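Enquirer: One structure follows; several queries about it will come next.
The values are calculated or read from the model by the stated rules, or taken from the named source; none is laboratory data. Here the structure is a predicted model, which means the values were calculated and not measured. Using ideal geometry, Cβ is built from the backbone for each residue, glycine included, and neighbour counts are taken over all protein chains shown. When the accessible area is computed, the model is the full protein with side chains, heavy atoms only, and any ligands, DNA or RNA have been set aside. Shrake-Rupley method; radii C 1.70, N 1.55, O 1.52, S 1.80 Å.
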Amino acid sequence: MSGHTGGVQAKLKEIHPKAIYVHCMAHKLNLVVIDMCKHLKDARNLFNGLEALYVHFSQPTKNKKMTDIQKNLGVKKTKIPQLSDTRWVCLYKSCNSVIENFKPILYIPDEEIELQKDKDVAQAIGLLSTIKNGKFVVYLFVLNDVLKIINILSTQLQSKSTTLGKSSSLVCGVIDTLKNNRSDVYFDNLWNCITIFCEEHDVSLDIPSQGGSKRRRREPTYLQQYTVLSNTSAEEDHVNDVLMGTSIIKNYWKMHCFYPILDTIIVNMEKRFSPESMEIAQSVDNFLKLNFNESLQFINHYKDLFGVSKDSLRSEMMVIKNVLKVNVDLEVLQNHLNSLNSKQIFPNYYKLFNVAITLPINSATCERSFSAMRRLKTWMRSTMLQERFSSLGIINIEKDINIDSVSVLNDFAKSNRKINLIL
């Protein structure tokens, strides 16, 4: 699609040289998490653990047990969602669901191991050892905090009413937020939440073994009755255990978990949403804010195609800005242009304004129609004809349009529904 030499982009530009190629921003955002999983093995292991939780609790009997435990504990009834490679919101919901339901999740595998009746006892043992690991909990909290921020951008990019300019501003805002969060103060607050959570659920926050001998060195028994004048290995290990306090553990996870996740996401977001790729978006945003000088890239790109005069356009933008006399908002601007005979009064701005608000930023809206097909034509409706399938698809895709059902029923009732039988 994006190949500038032989891809669809190049073939369309051969027909329409002025066409602007905009890579779907929602897909670009999804590639950020894919790149993070490629570079961070432990983050990938976390998502594998979340997927294993979903598979384990998707069984009806275990799902019912979890619902009953949630009811007894007074916890909000929620399910662990299935992970999806193409949706940020599933990753965020899965992390958030595990944090909120950690106690019920621990109770069910414990019960299965104790009863020894279920054939999946081995799976329950492995699941319990995975989620009661300090590394799992730390990565769970850090990724939940990061995904919570990026989920705001993901929701905006998939909205039907979003524009290129709005999305550009929000991308910059999310990147700046992640950079500001990369600090010792922010991690201290997050670490306090992690330690409280681990103490409540009896999870040990230790530094993972870095290899080498796992046997603890002990002082020889024949030296216990003597005064030792030189240091022994046992004494050195004891000193190391004392030094291995909370601050060292916290610094370890800050350097090996918190910073790598934030750095990887920030670098990939700056790479995929680079200033060069966002230039046209920022130019469109400035055009909608009636800033002539900062929107020259967008104006110069289309002025010859639509026969726009730059001098006349500058005057029109100054007049519109003075008429509004408030902070320029897209909805206010659009309502104002609709209320006036803008096509004759502001012909130059009217042409470019229609182009600016119709530049696509994602393909999520059209992809929803493909998702609707599987829900409409199920295995029970396999004999559905194309005409009915098409009509149901239009009703589902355009469900935001308000239709007066009473008038439709009245028109249907008035119509002649008799079938002429030919003998």
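Enquirer: By how many nm would the segment from Arg314 to Leu83 lengthen if fully extended, with 0.36 nm per residue of separation less the alpha-carbon distance?
Expert: So the chain would gain 78.2 nm between Arg314 and Leu83.
Enquirer: Beta carbons within 10 angstrom, averaged per residue: use that to sort the peptides 249-262, 289-302, 379-392, highest first.
Expert: Per-residue mean Cβ counts within 10 Å order the peptides as 249-262, 289-302, 379-392.
Enquirer: In nm, give the distance between the simple-model label positions of Leu324 and Lys148, each being 7 Å from the Cα along the Cα-to-Cβ direction.
Expert: Between Leu324 and Lys148, the label points sit 3.4 nm apart.
Enquirer: Rolling a 1.4 angstrom probe over the protein chains, ignoring ligands and nucleic acids, what is the accessible area of Val55 in square angstrom, nearest 10?
Expert: Around 70 Å² of this residue is reachable by solvent.
Enquirer: Taking θ as phi - 60°, what are the ³J(HN,Hα) couplings along segment 102-111 by the Karplus curve (6.51, -1.76, 1.60), each to the nearest whole Hz, with x for Gly and Pro?
Expert: 5, 5, x, 5, 6, 5, 5, x, 4, 5
Enquirer: Given Lys93/Lys271; Lys18/Lys93; Lys13/Lys179; Lys64/Lys148; Lys38/Lys64; Lys18/Lys166, which pairs have Cα atoms separated by over 30 Å? Don't jump to the answer; show the numbers that get you there.
Expert: On the way: Lys93/Lys271 26 Å; Lys18/Lys93 41 Å; Lys13/Lys179 37 Å; Lys64/Lys148 28 Å; Lys38/Lys64 36 Å; Lys18/Lys166 23 Å.
Cα-Cα > 30 Å for Lys18/Lys93; Lys13/Lys179; Lys38/Lys64; rest within.
Enquirer: Let me ask another. In percent, how large is the relative contact order of segment 46-155, given Cα pairs closer than 8 Å and 6 or more residues apart?
Expert: 29
Enquirer: Using r as the Cβ-Cβ distance of Tyr186 and Ala413, and R0 as 60 Å, what FRET efficiency do you calculate, to the nearest 0.05?
Expert: It comes to 0.40.
Enquirer: Please give the contour-minus-distance gain from Asp304 to Asp206: 0.36 nm per residue of separation, less the Cα-Cα distance, rounded to one decimal in nm.
Expert: Fully extending the segment from Asp304 to Asp206 adds 28.7 nm.
Enquirer: Contour minus end-to-end for Thr67 and Cys193, with contour as 0.36 nm per residue of separation and end-to-end as the Cα-Cα distance?
Expert: 42.8 nm
Enquirer: Starting from the 7 Å offset along Cα-to-Cβ, what nm value, one decimal, do you get for the label separation of Ser382 and Ser247?
Expert: 6.9
Enquirer: Now for a separate question. Take Ser405 and Glu367, extend 7 Å from each Cα along the Cα→Cβ direction, and tell me the distance between the two endpoints in nm.
Expert: Computed distance between label sites Ser405 and Glu367 equals 3.2 nm.
Enquirer: Which distance in Å, rounded to a whole number, links the C-alpha centroids of segment 1-36 and segment 164-194?
Expert: First find each Cα centre; the distance between them is then 28 Å.
Enquirer: Local charge sum around Arg182 (other residues, Cβ-Cβ under 15 Å, Lys/Arg +1, Asp/Glu -1)? Kindly include the intermediate steps, with their values, before the conclusion.
Expert: On the way: positive: Lys179, Lys254; negative: Asp145, Asp176, Asp184, Asp188, Asp263, Glu270.
For residues surrounding Arg182, the net value is -4.
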